[in-house]
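Peer 1: What follows is a structure written as structure tokens; I'll ask about it next.
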Amino acid sequence: MSVLATVRPDSWNFPLFVHVLGAMILVGGLVAGASALAFARGDAKLLRLGFWSLMLVSFPGWVLMRLGAQWIYSQEGFSGDNDPTWLGIGFAAADIGLLVLLVTIGVAYWWRRSGKPLAGHIVAGLSTVYLLLLAVAWLAMAGKWG
Amino acid sequence: MDFDQWMLALHVLSAFSLIAGLILFWVLIVVGRNIDTPADTLRLGPVARVGNATVGIGMGGTILFGVYLAFAIDGYAIWDGWILAALVLWFVGAELGRRTGAEYIRAPRKAMELEEAGQAGPNPELLALNRTSRGVLLHSVTSLVALLILIDMIWKPGA
């Protein structure tokens with residue numbers, strides 16, 4: 001229990017704030033985008049809303065989250081040798097997540113332009129995969145696995 | 001992970017759900033500014049319901065797991081200044097959120113009235129309701145309160 005109550009040095013707070021805020025914006029954009037796309041059923045306006053949510057909210061959120069992560073990583077003095085497991089999972093989820101996010105944005109754009117149902121199924125699948133990836137990262141980081 | 005770590009993880013997840021909902025509503029507010037027809041207004045309804053659900057889960061989870069953690073963790077107490085500040089901000093945010101919701105429900109209600117009256121075309125009154133500046137102000141202050149809670153949780157002033 002005392003580990004949970006540990007107060008971190010003040011210099012770590014702002015990078016952590018940037019990291020958490022970025023992650024929240026990323027999730028917010030993803031939820032907004034995925035919801036709009038899920039309810040679109042071919043409607044051009046909702047498809048556009050979904051695409052732009054991913055593009056203009058999720059992606060900048062990812063950038064902020066990743067910048068904050070790298071910043072606090074250097075503040076905490078990790079070097080890559082014997083880093084804790086939760087950190088590795090967090091970075092893996094962030095970096096693989098970028099790939100998933102970019103492909104999702106690309107397919108959402110294709111869906112918006114073509115209206116093909118297949119693109120919708122791919123976007124739904126990728127969004128689910130990405131949310132699962134973020135859930136694993138959330139569990140690993142909150143529980144400080146390893 | 002022990003039980004308290006799960007409670008902390010769920011507290012954090014709830015906070016993510018809350019902020020995700022607020023961001024979703026920002027997206028809808030921006031999009032809504034160009035909407036002047038009943039059909040387009042009502043089309044946003046299912047997405048708004050996702051926002052309502054995430055904000056509801058977020059509000060409930062943050063207070064429930066947060067209060068549990070304040071009692072369960074040795075180093076914290078419910079009367080710690082930063083925890084009391086978070087509680088006050090949570091109640092202020094809840095009230096502001098309720099008022100924001102009341103402001104933005106007026107547009108879909110008007111849209112339903114117009115649809116029932118057979119008026120499917122652009123309507124200036126509906127556009128004005130979708131562009132409500134009072135709603136934007138309320139949602140801005142609600143978002144600011146949520147941001148202050150996040151800052152309070154990270155910096156834990158006085159802890």
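The values are calculated or read from the model by the stated rules, or taken from the named source; none is laboratory data. Everything quoted here is computed from the prediction, not taken from an experiment. Cβ placement follows ideal geometry from the backbone for every residue including glycine, while neighbour counts extend to all protein chains displayed.
Peer 1: Is there a residue being in contact with a helix residue (DSSP H, G or I) (Cβ under 8 Å, 6 or more places away or on another chain), under 26 Å from residue B:143 (Cα atoms), within 11 Å of another protein chain (Cβ to nearest Cβ) and at pLDDT below 90 anywhere in region A:50-60?
Peer 2: Yes, there is a match, as at least one residue in region A:50-60 is in contact with a helix residue (DSSP H, G or I) (Cβ under 8 Å, 6 or more places away or on another chain), under 26 Å from residue B:143 (Cα atoms), within 11 Å of another protein chain (Cβ to nearest Cβ) and at pLDDT below 90.
Peer 1: Do we find a residue being within 18 Å of the chain's Cα centre (by Cα), more than 22 Å from residue A:17 (Cα to Cα) and hydroxyl-bearing (Ser, Thr, Tyr) anywhere in region A:83-106?
Peer 2: Within region A:83-106, one or more residues are within 18 Å of the chain's Cα centre (by Cα), more than 22 Å from residue A:17 (Cα to Cα) and hydroxyl-bearing (Ser, Thr, Tyr).
Peer 1: What about residue B:120, is it closer than 25 Å to residue A:40 by Cα and assigned to a helix (DSSP H, G or I)?
Peer 2: So residue B:120 does not fit the description; no.
Peer 1: Find the residue count for region B:56-77, including only residues that are among the aliphatic types (A, V, I, L, M) and within 11 Å of another protein chain (Cβ to nearest Cβ).
Peer 2: Residues in region B:56-77 being among the aliphatic types (A, V, I, L, M) and within 11 Å of another protein chain (Cβ to nearest Cβ): 5 in total.
Peer 1: If you check residue A:47 against the conditions, is it more than 18 Å from the chain's Cα centre (by Cα), at the interface with chain B (Cβ under 7 Å from one of its Cβ atoms) and at pLDDT below 90?
Peer 2: no
Peer 1: Would you tally the residues in region A:118-146 being without any contact (Cβ under 8 Å) to a residue 24 or more places away in the chain, exposed (fewer than 13 other Cβ atoms within 10 Å of the Cβ) and farther than 18 Å from residue A:26 by Cβ?
Peer 2: So the answer is 3.
Peer 1: Which of the following residues is in a helix (DSSP H, G or I) and more than 11 Å from chain A (Cβ to nearest Cβ): B:85, B:15?
Peer 2: None of the others qualify; the one that does is B:85.
Peer 1: Related question: Give all pairs with beta carbons closer than 8 Å in which a residue from region A:26-42 that is under 17 Å from residue A:107 (Cβ atoms) meets a residue that is surrounded by 24 or more Cβ atoms within 10 Å (Cβ to Cβ) and among the basic types (Lys, Arg); count only pairs at least 6 apart in sequence or on separate chains.
Peer 2: none
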